[in-house]
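First comes the structure, then the notes that go with it.
The values are calculated or read from the model by the stated rules, or taken from the named source; none is laboratory data. Bear in mind that the values here come from a model prediction, so they are computed numbers and not experimental data. Neighbour counts are summed over all protein chains in view; Cβ atoms, including those assigned to glycine, are modelled from backbone coordinates with ideal geometry. The accessibility values were calculated without ligands, DNA or RNA, using every heavy atom of the protein model including side chains. Shrake-Rupley method; radii C 1.70, N 1.55, O 1.52, S 1.80 Å.
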Amino acid sequence: MKFVKQFWSLILLVLCLILGIILGKDADIRINSILFFLILFGFVFLIQFLLLKKKTAQLEKAHLQNELELLKSQIDPHFYFNTLNNLYGLASRKSDKTANAIMKLSEIMRYVIYKGKKPKVNLDEEIKYIENYIELQELRINKELDIRFEKDIEDINKIIAPLLLIIPIENAFKHGVDRLLHKAFVHIFLIEKNNEISFEVKNNFDASELSKSKGIGLQNLRKRLELLYGNNFVLTTNTENDLYNFQLKIKNL
């Protein structure tokens, strides 16, 4: 049964040729019959090929989607783990910031749960998510910080894949702000012009802590970018002394 299902078009061709030979009374009729059945088989084979190509494309799309969802799931637990630790620290100190921090976390979770599952979101939604994350970090950190988020946006409704920009910001806080006793800074720049996004994160850090990191988050980010944007992105990182610079450009949005 499996053999018949897999090679049905070939079996049909053989049966048609046999039928043409049996029904043909002379050589001309036999040749015409065989040519007719060959043409018929050609159409059948073409249809089968197109159906197979469509099915293959669907499977590839499903595979890419599954891989994207897996990469997203690898990002989210890391973020929640850190945030819940932060909230625990605020609550244990009975800080007045706790209620506001919980509200910010609620907004962040709402974005991740509802917007993060979508293939695309508006750029302003991703920006608001980043702003909430930064405000949540500022609420929990009890030391002087230099945090900037500068934006130059031409089209606030530009479409982008969700949860792409948060990883280098998370890393800046994890390896920089959280480890340095003073003079910690995180400078973030986002430019959207001419159907292109330029995103940059600069921060200082504890070099000994950075060396222990395997960079799983950035590996996931690069893989997601490859799946989503192909060759239409450039991601570079640079470390010099105790300064770290992350740059991402996405074109042809």
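Brief remarks on what is shown
- If you go through segment 113-137 and keep only what is among the β-branched types (V, I, T) and either modelled with pLDDT under 85 or open to solvent by 60 Å² or more (accessible area, probe 1.4 Å) (or both), you end up with just I113.
- Scanning segment 223-238 for residues that are open to solvent by 40 Å² or more (accessible area, probe 1.4 Å) and either under 15 Å from I160 (Cα atoms) or modelled with pLDDT of 90 or more (or both) yields E226, L227, L228, N231, N232, V234, T236, T237, N238.
- Verdict on L84 being open to solvent by 40 Å² or more (accessible area, probe 1.4 Å), assigned to a helix (DSSP H, G or I) and over 30 Å from E226 (Cα atoms): yes
- Consider segment 174-210 and keep the residues that are touching a residue at least 60 places away in the same chain (Cβ under 8 Å) and closer than 15 Å to Y244 by Cβ. The one that is least open to solvent (accessible area, probe 1.4 Å) is G176.
- Pairs linking a residue in segment 231-253 that is touching a residue at least 12 places away in the same chain (Cβ under 8 Å) to a residue that is of a type in the set (A, V, I, L, M, F, W, C) and open to solvent by 70 Å² or more (accessible area, probe 1.4 Å), with Cβ atoms under 9 Å and 6 or more positions apart or on different chains, are Q247/V234; L248/V234; K249/V234; I250/V234; K251/V234; L253/I159.
- Flag: F185 does not match the condition of being aromatic (F, W, Y), outside any helix (DSSP H, G or I) and under 22 Å from the mean Cα position of the chain (by Cα).
- Note on segment 101-112: among residues that are open to solvent by 30 Å² or more (accessible area, probe 1.4 Å) and closer than 29 Å to E192 by Cβ, the one that is modelled with the highest pLDDT is E107.
- Selected residue (criterion: nearest to the chain's Cα centre (by Cα)) from residues of segment 110-132 that are within 15 Å of F189 (Cα to Cα) and of a type in the set (A, V, I, L, M, F, W, C): L123
- Cβ pairs under 7 Å, 6+ apart, first in segment 126-139 and under 13 Å from E170 (Cα atoms), second modelled with pLDDT under 90 and small (G, A, S): L136/A101
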